1. State all residues of the stretch 70-90 that are at pLDDT 95 or above and under 27 Å from Pro55 (Cα atoms); if no residue qualifies, say none.
2. Looking at the stretch 1-47, which of its residues are of a type in the set (Asp, Glu) and either within 16 Å of ligand 1 (Cβ to nearest atom) or in a loop (DSSP other than H, G, I, E, B) (or both)?
3. Could you tell me whether the stretch 230-245 includes any residue that is within 27 Å of the chain's Cα centre (by Cα) and at positive phi?
4. Suppose the filter is in contact (Cβ under 8 Å) with a residue 40 or more places away in the chain and under 23 Å from Arg325 (Cα atoms); does Pro92 pass it?
5. Does the stretch 246-294 hold any residues that are under 25 Å from the mean Cα position of the chain (by Cα), among the small types (Gly, Ala, Ser) and more than 19 Å from Ile330 (Cβ to Cβ), and which are they?
6. Please state which of the following conditions Lys50 fails to meet, knowing it meets all the rest: (1) in a helix (DSSP H, G or I); (2) away from ligand 1 (no atom under 15 Å from the Cβ).
7. Residues of the stretch 102-135 being in contact with a helix residue (DSSP H, G or I) (Cβ under 9 Å, 6 or more places away or on another chain), over 15 Å from His71 (Cα atoms), outside any loop (DSSP other than H, G, I, E, B) and near ligand 1 (Cβ under 9 Å from one of its atoms), which ones?
8. Just wondering, is there one or more residues in the stretch 276-293 that are free of Cβ contacts under 8 Å to residues at least 24 places away in the same chain, crowded, with 18+ Cβ neighbours inside 10 Å and basic (Lys, Arg)?
Amino acid sequence: MRVIDRPSIKDIEFCAEVIKSGGVVVFPTETVYGIGANAFDPDACRKIFKIKKRPFRNPLIVHICDLDMLHRVVAHVEERAKKLIEKFWPGPLTIVFEKKRDIPGIVTANLKTVAVRFPSDKIAQRLIKAAGVPIAAPSANVSGYVSPTDKTHIIDDFKNERLVDVVLFRGKTKLGLESTIVDVTQKKPVILRLGSVTVEEIEKTLKVKVEIGTTDKQVLAPGMLKRHYSPCVPLYLFEDKDNLLRFILKNKDTKRIGLIAEEKLFSFLNDCSSIVIKKYKNIAHLAKNLYRFMREMDNMRLDLILALRVKESGLGRAINDRLCRAAKRIY
Ligand code: TXA
Ligand code: MG
């Protein structure tokens with residue numbers, strides 16, 4: 001696995017050749033790093049499942065760099081999708097369309113639909129453009145673990161993986177949470193995964209209420225499965241600040257505790273050496289750093305990670321969703 005830091009245009013062109021010849025490239029997007037292959041090449045895409053230990057029933061997102069490419073992938077773009085495209089592309093919104101037959105079944109888990117995303121990240125765009133083919137890419141982490149937002153995360157997950165040809169590295173990702181996935185192939189638009197574009201923004205653009213998919217219905221996006229995005233150290237999620245504080249005071253002398261907390265809330269714990277505190281300034285800052293916090297605390301082999309649910313609006317919804325999925329217990 002070759003890692004290229006701050007890639008030049010030449011490096012990106014080299015990686016485009018790797019993609020064209022059936023290889024696998026890890027590349028940055030504005031949300032999290034992706035691990036990509038030519039979406040028209042089933043053998044290349046099969047490698048991604050193998051590398052990630054990803055079940056074949058979990059389909060991949062196809063990344064494009066312009067609307068011409070969209071038409072090579074999807075059968076039909078309807079009105080609601082056009083509105084979303086105009087407002088959010090390029091950017092962190094994935095849209096589910098009816099697929100064209102040219103997209104191999106392995107990419108879409110044999111569904112009739114395909115999830116498509118036009119990333120705003122310039123390296124991602126240049127890579128797709130130079131390859132001249134759409135790139136199928138899930139997040140560049142071992143299946144079920146936390147998505148990668150920095151170089152160490154990719155290396156931790158794939159360091160001995162010979163099937164990864166190149167990693168294009170360009171620093172921490174800008175947003176830190178995955179794209180929002182919206183399905184417009186059904187009667188009512190449904191958000192299949194909460195993410196970097198908020199529900200409020202989508203509703204404002206479509207001028208309708210959107211449904212939020214839940215796990216008690218048919219699982220459309222396995223990203224909606226519980227216990228996904230989980231650290232190895234058990235995470236306990238609290239609804240109430242006072243309960244969290246009581247728990248800390250009761251356990252701090254016997255357990256090594258990691259705490260994800262808003263800077264101003266628990267500053268009085270700063271002097272307590274048995275607690276590792278990962279502080280955030282505001283919701284956007286937490287979104288950007290949540291996965292890094294989880295991975296860093298995992299590597300410290302703590303006994304417990306504690307977190308407090310945030311306000312359920314805007315980006316806060318996606319954060320609460322990830323915290324719930326990561327949580328072993330909810331208090
Ligand atoms: O921000 C992102 O979306 C990142 C970057 C790399 O683009 N990608 C990402 O991919 O998070 P992944 O594979 O980790 O998550 C893709 C999700 C999965 O939960 C999958 O089930 C869902 O998209 N998905 C893919 N195709 C689908 C389809 N046709 N219908 C419904 N869900 C689909
Ligand atoms: Mg993923």
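The values are calculated or read from the model by the stated rules, or taken from the named source; none is laboratory data. Just so you know, these numbers come straight off a predicted model, no measurement behind them. Quick reminder, even Gly has a Cβ in these numbers, built from the backbone with ideal geometry, and neighbours come from all protein chains shown.
1. Passing the criteria: Leu70, Arg72, Val73, Val74.
2. Once the filter is applied, which keeps residues that are of a type in the set (Asp, Glu) and either within 16 Å of ligand 1 (Cβ to nearest atom) or in a loop (DSSP other than H, G, I, E, B) (or both), the stretch 1-47 yields Glu30, Asp41.
3. No: the stretch 230-245 contains no residue that is within 27 Å of the chain's Cα centre (by Cα) and at positive phi.
4. yes
5. Scanning the stretch 246-294 gives Ala284, Ala287.
6. For Lys50, the failing item is (2).
7. Hit for the stretch 102-135 is Val107, nothing else.
8. yes
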